[in-house]
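Data block below; observations after.
The values are calculated or read from the model by the stated rules, or taken from the named source; none is laboratory data. These numbers come from a predicted model, not from an experiment. Every residue, glycine as well, gets a Cβ built from its backbone with ideal geometry; the counts of neighbours run over all protein chains shown.
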Amino acid sequence: MPNDNTTAKPRFSAPTVRFAPSPNGLLHVGHARSAMLNRSFANAHDGTFLLRIEDIDTTRARPEFEAAIMEDLAWLGIEWPSPVRRQSDHFEEYQAALSELRKLGLLYPAFLSRAEISTKVSEIESSGQLWPRDPDGAPHYPGNDRTLSESARNRRISDGDAHAWRLDMQSVLNGLDTQLSWDEFGSGPADETGQINADPEAWGDVILARRDVPASYHLSVTLDDAFQTVTDVIRGEDLFAATSIHRLLQHLLGLPAPRYHHHSLVLDQDGRKLSKSDGATSIASLRQQGATLEDILAMAGLAPPD
């Protein structure tokens, strides 16, 4: 096993973990690493390994990719119980959570397009003013839509104006009476373990739903983990910062907080994380070239199975 601290003793006698790929491409070696770390943790603690299909974006999800995911995981020797949770079967649950946040006055419709956001931020920065960006590098929302009256919002929505539902971060933070944190047992981006203080403000007014996608990754993954009683989230360190948003949503929606184990990533020769667009690193492609299970595990930085 790699040095990722994913063997930490679980808080629960029978932990539940999950591997949750999106069926918009083929699994690569980095996915193999994450799936095997989850499986190994579950096996070591007599827990349950769940497979979840994150197909919330129905325009990009393909059944052939879902079939390929299951074929690759079976080839890796991973088993999972049925039925498999598919996000596309649970839109009503995501909508119910959005409705709850709207009733609390914590969401607002944001009408600026990506192009308009880019233009507005460029204009601000060209004047010499620094504009905040979230941990993924995207600029915070620069619009003043949060100050629109309810009647103005409803009128624009009725007129068919495209919009996304954003979390009013300042209103949320003003109502917080506690410092949110999470239990971290992985490597994190800088070997951070123990109690990690959440910093949701760094994300600005995050999107929780779009007109064409009924729930964002942040909202759907938070709800899915709660609905599936996931006790330990084992995932790549590229999602370490996003945990701040997930902890915030858990707090707002009254959901339990799992433990987190963020593991190091498999990088390409240029030091970048692997992408599904790079077919050369897909498990299916490597298998076709004759790679063995031991070869894939070695590429993923994992020891061969016992």
Inset, instruction - Name the one entry in Leu252, Leu265, Leu223 that is under 24 Å from Arg146 (Cα atoms) and in contact (Cβ under 8 Å) with a residue 60 or more places away in the chain. - result: Leu252
Inset, instruction - Scan the stretch 295-303 and give yes if some residue there is at negative phi, small (Gly, Ala, Ser), crowded, with 16+ Cβ neighbours inside 10 Å and assigned to a loop (DSSP other than H, G, I, E, B), otherwise no. - result: yes
Legend entry - Odd one out for Glu192, checked against (1) more than 30 Å from His45 (Cβ to Cβ); (2) at pLDDT below 95; (3) not hydroxyl-bearing (Ser, Thr, Tyr): (1)
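Here is a yes/no grid of residues against (1) surrounded by 12 or more Cβ atoms within 10 Å (Cβ to Cβ); (2) within 25 Å of Ile245 (Cβ to Cβ); (3) free of Cβ contacts under 8 Å to residues at least 24 places away in the same chain; (4) of a type in the set (D, E, K, R):
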residue	(1), (2), (3), (4)
Met70	yes, no, yes, no
Leu76	yes, no, no, no
Ser82	no, no, yes, no
Ser99	no, yes, yes, no
Ala138	yes, yes, yes, no
Inset, instruction - Would you please name the residue that is nearest to Asn43 (Cα to Cα), looking only at residues in the stretch 105-118 that are touching a Leu at 6+ places or on another chain (Cβ under 9 Å) and either exposed (fewer than 14 other Cβ atoms within 10 Å of the Cβ) or among the aromatic types (Phe, Trp, Tyr) (or both)? - result: Tyr108
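Determine which member of the set His246, His263 is of a type outside the set (Ser, Thr, Tyr), touching a Gly at 6+ places or on another chain (Cβ under 8 Å), within 30 Å of Gln179 (Cα to Cα) and modelled with pLDDT of 85 or more.
The unique qualifying residue is His263.
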Inset, instruction - State the number of residues belonging to the stretch 194-208 that are under 17 Å from the mean Cα position of the chain (by Cα) and either more than 18 Å from Thr58 (Cα to Cα) or buried (at least 23 other Cβ atoms within 10 Å of the Cβ) (or both). - result: 9
Inset, instruction - Keeping to the stretch 62-76, report how many residues are out of contact with any helix residue (DSSP H, G or I) (no Cβ under 7 Å at 6 or more places or on another chain) and assigned to a loop (DSSP other than H, G, I, E, B). - result: 1
Legend entry - Meets criteria (of a type in the set (D, E, K, R) and either touching a residue at least 40 places away in the same chain (Cβ under 8 Å) or touching a His at 6+ places or on another chain (Cβ under 9 Å) (or both)) for Asp212: yes
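Residue-wise test of (1) under 22 Å from Leu248 (Cα atoms); (2) in contact with a helix residue (DSSP H, G or I) (Cβ under 6 Å, 6 or more places away or on another chain).
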site: Ser126; (1), (2): no, no
site: Pro139; (1), (2): yes, yes
site: Ser149; (1), (2): no, no
site: Asn154; (1), (2): no, no
site: Leu167; (1), (2): yes, no
site: Leu180; (1), (2): yes, yes
site: Glu184; (1), (2): yes, no
Inset, instruction - Return the only residue of Arg155, Arg133, Arg166 being of a type outside the set (A, V, I, L, M), closer than 26 Å to Leu239 by Cα and surrounded by fewer than 17 Cβ atoms within 10 Å (Cβ to Cβ). - result: Arg133
Inset, instruction - Being over 29 Å from Arg52 (Cβ atoms) and of a type in the set (A, V, I, L, M) narrows it down to one of Ala152, Ala97, Ala164, so name that one. - result: Ala152
Inset, instruction - Output the residue which, of all residues in the stretch 101-116 that are assigned to a loop (DSSP other than H, G, I, E, B) and touching a residue at least 60 places away in the same chain (Cβ under 8 Å), is nearest to Gly204 (Cα to Cα). - result: Leu106
